[in-house]
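Enquirer: Can you read through this structure? Questions will come right after.
All of the numbers you see were taken from the coordinates with simple rules; none came from a lab. What you see is a predicted model, and the numbers here were worked out from it, not measured in a lab. Positions of Cβ are backbone-derived with ideal geometry, glycine not excepted, and every protein chain shown enters the neighbour counts.
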Amino acid sequence: MITPRSLLEVTDLTVEFGRRRTRAVNAVSFGLEPGERLGIIGESGSGKTVTALAVMGLLAENAHVTGSIRWRGEELLGRPERELARLRGNAMSMVFQEPMTALDPTMRVGRQVAEAFVLHRGDATGSARARTVEMLDAVGLPDAERIADAFPHQLSGGQRQRVILAMALVNGPDLVICDEPTTALDVTVQAKVLELLDEVLTAEQAACLFISHDLAVVSQVSRQVMVMLDGEVVERAPADRLFSAPGHPYTQGLVATARLDLVPPGERLPTVEDYYTQESRAESQARLSSPEADAGVGERNEEHGQVGRS
Amino acid sequence: MGRYLRRLGIFAVTLLGASILIFAVTAALPGDIAQVLLGTDATPERVEALRREYGLDRPLPLRYLEWLGGVLTGNFGISHLSRQPVLALIGPSLAVTAWLVGLGILGALLIALPAGMVAALKRRHWQGFAVNALAQLGMAIPVFFGGMLIVLVFSGWLGWLPPNGYVPLRTDPVQWARHLVLPVATLAVVQGAVLIRYVRSAFVEVLSEDYYRTARAIGWTPAAALLRHGVRNAAVSLVTVIGLQLSAVLVGAIVVEYVFGLPGLGWLLLNAVGQRDLFVIQGTVMFLVLAVLVINALVDFSYLLIDPRQRAQGEIG
């Protein structure tokens, strides 16, 4: 499935935290071609955000990363911070979950967008401001000039998320990682932002890794969906097939909870546990932490150890 | 507008309360200026005569009101001891203390800001532990001991700088600077050590903020992200601490003034208390209280400059 010229190639990615090596992600592999989109779905704690941060190289210092993350064929794990920083916000960018706190409260949002541009392009031609306004306009912010001069607290959640999207897109990235970008927004704003995201990703021909706990949301942006559970990928399939014929019992539960329109009035709402019990989950987790499971993890980047160190 | 009027009101009430308190406490101290001047072997009659001459035999409230009336017309009274107007005594001393404390805090910031940022960024590495250890050491050394150590090394052994004394800036700028270097350095090191901990925890907090992660995600390296987006956010909590420290140092500078023989406010106050020189005590403490109030007001004002959320503004769009 993975061709040598893939945009992103993640192989056997394993992330452990702290001295006690608590494992958050276990032997995750996936690939992305230029312009391709992949959704990652799973509950909180399933390792989807950790996977995204590992790709960005933004994991906390106490994270221990093994496996391989290749960007256009080149290994990212163990690369010096300075080189990774040149990629971030430029070739690959990230949209975060919390629009309320993801912007610097003391800086005008226009300057924050311009900063992402100037950092990688410089501002010798003085075009940063024009590019900023153009981007703010492109993410559907009317009166972009005025918005650019606002502080984050003067904007609504939806407006802030659009600003963050503009920041992520200002350098025309090849990959945009979206971590629950609409979870903090109310439903009507959510639909608009998703539509916009789909639009700008198509316009920029950018690949996308879209993370959500909501199957319905993921399927609006990405056709391919990967289901994560307890740090492992349990299933990968087109979104419509996940809906019609979910394979893993956990996915069956996810689909049932997402399709509440199928529940007859008066009936008890389904939960994931109706399909995937705590006992079966405990069993597979026991298998995960056994020594045999560990032996399969690639050791090739062991010496590099941490990502995101300065 | 009402905010400023209220603030002025609080200023006035605080100063008034402080003045009553100091007057009462000074009067309650055993012994007075007459006894101090005449010594222990003076006859009670002579002490009583001098007391009458100074007006110390009259009731306390009356003396207070007289003093207050004088202050309101800009007359802080006359030193019983030196027969000089209190303001003429305070003026030069205030200049000494202002230079010492101002430059001292500036030096403390120059030490604490970079060191605290390193301590935060490298908190899991040896650099962070080293900064912490040095800060602990700096905090553990008493000011007078640190001052004497510095005098011993730079003045005693190396002979680079004068051990004590003061020359006003206008008399001889070079000598002024030479006399201030050691006391300012002492104050800067001691206060800097205290500040490092606050700077460190303010920046550690920034490191866990979402906007810091955003800054990293757009391509800043950790140190650059901290400088670019951390300093101003950390400043909100730091100005509070710096303001408190400035107030504490203003009063606490007395130890440094003593060790280095600087004729500052602390020195003036200490001598005045020893000799029960009432009006000098009153005037000096009034200035100190006023300075603390002004510092607090400046701290509150700086929040508005630093944090746009504190400025009242409507939503845009």
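Enquirer: Sort A:71-82, B:76-87 by the packing proxy (mean of other Cβ within 10 Å over each peptide's residues), most packed first.
Expert: B:76-87, A:71-82
Enquirer: Quick one: if you stick a label point 7 Å off each Cα along the C-beta vector at B:Val174 and B:Leu227, how many nm between them?
Expert: So the label points at B:Val174 and B:Leu227 sit 3.6 nm apart.
Enquirer: Taking Cα centroids, how far is segment B:5-70 from segment A:232-269 in Å?
Expert: Between the Cα centres of segment B:5-70 and segment A:232-269 lies a distance of 86 Å.
Enquirer: Considering every residue in A:99-109, what mean count of other chain Cβ atoms within 10 Å of its Cβ is obtained?
Expert: Mean shielding by partner chains, rounded to a whole number: 6.
Enquirer: Taking only the C-alpha atoms, wrap a convex hull around segment B:233-317 and report its volume per residue in Å³ as a whole number. Walk me through the numbers before you get to the answer.
Expert: Numbers: hull volume 7.6 nm³, N = 85.
It is 90 Å³ per residue.
Enquirer: Next up: Between the DSSP loop rule and a limit of at most 13 other Cβ atoms within 10 Å, which chymotrypsin sites (Phe, Trp or Tyr not before Pro) in segment B:137-177 are left?
Expert: Details: sites: B:Phe144, B:Phe145, B:Phe154, B:Trp157, B:Trp160, B:Tyr166, B:Trp176; in loops: B:Trp160, B:Tyr166.
Qualifying residues, ordered by number: B:Trp160.
Enquirer: Here's something else I'd like to know. Once you average over the residues of A:59-71, how many Cβ atoms of partner chains fall within 10 Å of each Cβ?
Expert: On the way: counts 0, 3, 7, 1, 0, 0, 0, 0, 0, 0, 0, 0, 0.
Per-residue shielding by partner chains comes out at 1.
Enquirer: Viscosity 1.306 mPa s, temperature 10 °C: give me the Stokes-Einstein translational D for chain B in µm²/s, with Rh taken as the Kirkwood radius over C-alpha pairs.
Expert: Stokes-Einstein gives a translational diffusion coefficient of 70 µm²/s.
Enquirer: Starting from a Cα-only point model with no solvent, please compute log10 I(q)/I(0) by Debye for segment B:2-72 at q = 0.14, 0.21 1/Å.
Expert: Normalising to I(0) and taking log10 leaves -0.57, -0.95.
Enquirer: Starting from 0.36 nm per residue, how many nanometres of slack lie between B:Ser82 and B:Val36 once their C-alpha separation is accounted for?
Expert: Difference between extended and current length: 15.3 nm.
Enquirer: Still on this structure, please answer the following. Roughly what % of Cα-Cα distances in chain A sit above 37 Å, to the whole percent? Each step should come with its number before you reach the end.
Expert: On the way: 8536 of 47895 pairs.
Here the tail beyond 37 Å accounts for 18 percent of pairs.
Enquirer: Okay, moving on. If I require 24 Å or longer along the helix axis, counting alpha carbons, and a Kyte-Doolittle average no lower than 0.5, what helices from chain A are left? Use full DSSP H segments.
Expert: In chain A, the long hydrophobic H runs are A:187-204.
Enquirer: Quick one, what does Rg over Rh come out to for the protein assembly as shown if you take C-alpha atoms and the Kirkwood Rh?
Expert: Rg divided by Rh gives 1.14.
Enquirer: Hey, can you grab everything whose amide H is under 5 Å from the amide H of A:Ser6? Only 5+ residues off in sequence or another chain; H modelled, so Pro and N-termini drop out.
Expert: none
Enquirer: Next question, about the same structure. For peptide A:75-88, how many partner chain Cβ atoms fall within 10 Å of a residue's Cβ, on average?
Expert: Values: counts 0, 0, 0, 0, 0, 1, 4, 1, 0, 3, 9, 2, 1, 6.
That works out to 2 on average.
Enquirer: Under 17 Å from a point placed 7 Å out from the Cα of B:Val153 along the Cα-to-Cβ direction: which residues of segment B:96-116 have their backbone N that close?
Expert: The answer is B:108, B:111-112.
Enquirer: Now for a separate question. Using 1/(1 + (r/R0)^6) with R0 = 56 angstrom and r between the beta carbons of A:Glu134 and B:Thr43, what's the FRET efficiency to the nearest 0.05?
Expert: 0.05
Enquirer: Follow-up question, since we're still on this one. Label B:Leu305 and A:Ser44 with points 7 Å out from Cα along Cα→Cβ: what is the distance between them in nm?
Expert: Output for this residue pair reads 4.0 nm.
Enquirer: With the crude spin-label approximation of a point 7 Å out along Cα→Cβ, what separation in nm comes out for A:Ala124 versus A:Arg20?
Expert: Result for the modelled spin labels: 5.4 nm.
Enquirer: Helix by helix through chain B, keep the DSSP H runs that span 27 Å or more along the axis on Cα and average at least 0.5 on Kyte-Doolittle, and give those back in order.
Expert: B:2-28, B:86-121, B:173-207, B:231-259, B:278-306
Enquirer: Report the FRET efficiency, 1/(1 + (r/R0)^6), for A:Val187 and B:Ile10, where r is their Cβ-Cβ distance and R0 is 51 Å, rounded to 0.05.
Expert: 0.55
Enquirer: What residues qualify as long-range amide H neighbours of A:Val25, i.e. H under 5 Å apart, gap of 5 or more or another chain, H built at 1.01 Å from N?
Expert: A:Val15
Enquirer: Here is a further query. Roughly how many Å is it from the Cα centre of segment B:251-317 to that of segment B:154-185, as a whole number?
Expert: Segment B:251-317 and segment B:154-185 have Cα centres spaced 24 Å from each other.
Enquirer: Could you point to the residue in B:Phe279, B:Val289, B:Leu158 farthest towards the positive end of segment B:87-310's charge dipole, with +1 and -1 charges on the Cβ of Lys/Arg and Asp/Glu respectively?
Expert: Of B:Phe279, B:Val289, B:Leu158, it is B:Leu158.
Enquirer: Next question, about the same structure. Quote to one decimal, in nm, the extra length available between A:Thr202 and A:Ser156 on full extension: 0.36 nm per residue of separation minus the C-alpha distance between them. It would help to have the intermediate numbers written out before the result.
Expert: Details: separation 46, 0.36 × 46 = 16.56 nm, distance 2.56 nm.
This chain segment gains 14.0 nm when fully extended.
Enquirer: Charges on Cβ only, +1 for Lys and Arg, -1 for Asp and Glu, centred on the Cα centroid of the protein assembly as shown; of A:Pro270, A:Phe151, B:Val181, which one is farthest towards the dipole's positive end?
Expert: B:Val181
Enquirer: To the nearest 20 Debye, how big is the dipole of the protein assembly as shown about its Cα centre, given +1 on the beta carbon of each Lys and Arg and -1 on that of each Asp and Glu? Let's see the in-between values first.
Expert: Working: 54 positive and 60 negative charges, 410 e Å.
Computed charge dipole of the protein assembly as shown: roughly 1960 debye.
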